[in-house]
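Visitor: Can you keep this structure in mind? I'll have questions shortly.
No value in this document is a laboratory result; all are computed from the given coordinates. Being a predicted model, the structure only gives us computed values, none of them experimental. Using ideal geometry, Cβ is built from the backbone for each residue, glycine included, and neighbour counts are taken over all protein chains shown.
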Amino acid sequence: MAYQSFEDLEVWQKAYKLSVSIYRLLEHCQDFGLRDQMTRAGVSIASNIAEGAERGSNAEFIRFMHIAKGSAAELRTQIAIAHDIGIIREPDKNKIIAETISISKMLHALIKSLKTKP
């Protein structure tokens, strides 16, 4: 896995775009607690990928990819809740959940490849 910086990683690019989408989707949401928690979870995914990539060791990179994966699961849960209480529409819910699942799969594959790297 050769890359110059974390911005080159496709998984970081997807996580970054997801975070921006969450902010845009919730910009008019009046439930400030849930909105803030969801935007923090979205930002956490991309941020942990970036931080892990810059740590300089495989063990640290893997640890931060697990944290990013956890944030993706957290966001998926919050999206389901936001939908069920009427904050977001079904198509938005489905799109974001599909994106978080895709990112989680990419993170899983990245973790797996990092574990086999000497």
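Visitor: From the list Ala72, Ala82, Ala41, Ala46, which one is under 18 Å from Glu7 (Cα atoms), crowded, with 20+ Cβ neighbours inside 10 Å and in contact with a Leu (Cβ under 8 Å, 6 or more places away or on another chain)?
Guide: Selected residue: Ala46, the only one of Ala72, Ala82, Ala41, Ala46 that is under 18 Å from Glu7 (Cα atoms), crowded, with 20+ Cβ neighbours inside 10 Å and in contact with a Leu (Cβ under 8 Å, 6 or more places away or on another chain).
Visitor: Of the numbered conditions (1) out of contact with any Gly (no Cβ under 8 Å at 6 or more places or on another chain); (2) without any contact (Cβ under 8 Å) to a residue 24 or more places away in the chain; (3) not charged (D, E, K, R), Phe64 fails exactly one; give the number of that condition.
Guide: If we test Phe64 against (1) out of contact with any Gly (no Cβ under 8 Å at 6 or more places or on another chain); (2) without any contact (Cβ under 8 Å) to a residue 24 or more places away in the chain; (3) not charged (D, E, K, R), just (1) comes out false.
Visitor: Only one residue in Leu75, Leu114, Leu110 is in contact (Cβ under 8 Å) with a residue 40 or more places away in the chain, assigned to a helix (DSSP H, G or I), aliphatic (A, V, I, L, M) and touching a Phe, Trp or Tyr at 6+ places or on another chain (Cβ under 8 Å). Which one?
Guide: From the options Leu75, Leu114, Leu110, the qualifying one is Leu114.
Visitor: Here's a follow-up. With Glu51, Glu27 as the choices, which residue is assigned to a loop (DSSP other than H, G, I, E, B) and free of Cβ contacts under 8 Å to residues at least 40 places away in the same chain?
Guide: Every option except Glu27 fails the conditions.
Visitor: Of the residues in segment 1-24, how many are assigned to a loop (DSSP other than H, G, I, E, B) and either in contact with a Cys (Cβ under 7 Å, 6 or more places away or on another chain) or in contact (Cβ under 8 Å) with a residue 24 or more places away in the chain (or both)?
Guide: Here the count works out to 4.
Visitor: Look at segment 85-111 and say how many of its residues are of a type in the set (Lys, Arg) and buried (at least 17 other Cβ atoms within 10 Å of the Cβ).
Guide: Within segment 85-111, residues that are of a type in the set (Lys, Arg) and buried (at least 17 other Cβ atoms within 10 Å of the Cβ) number 1.
Visitor: Could you identify the single residue in Glu7, Glu60 that is charged (D, E, K, R), exposed (fewer than 14 other Cβ atoms within 10 Å of the Cβ) and farther than 16 Å from His108 by Cβ?
Guide: Only one candidate qualifies: Glu7.
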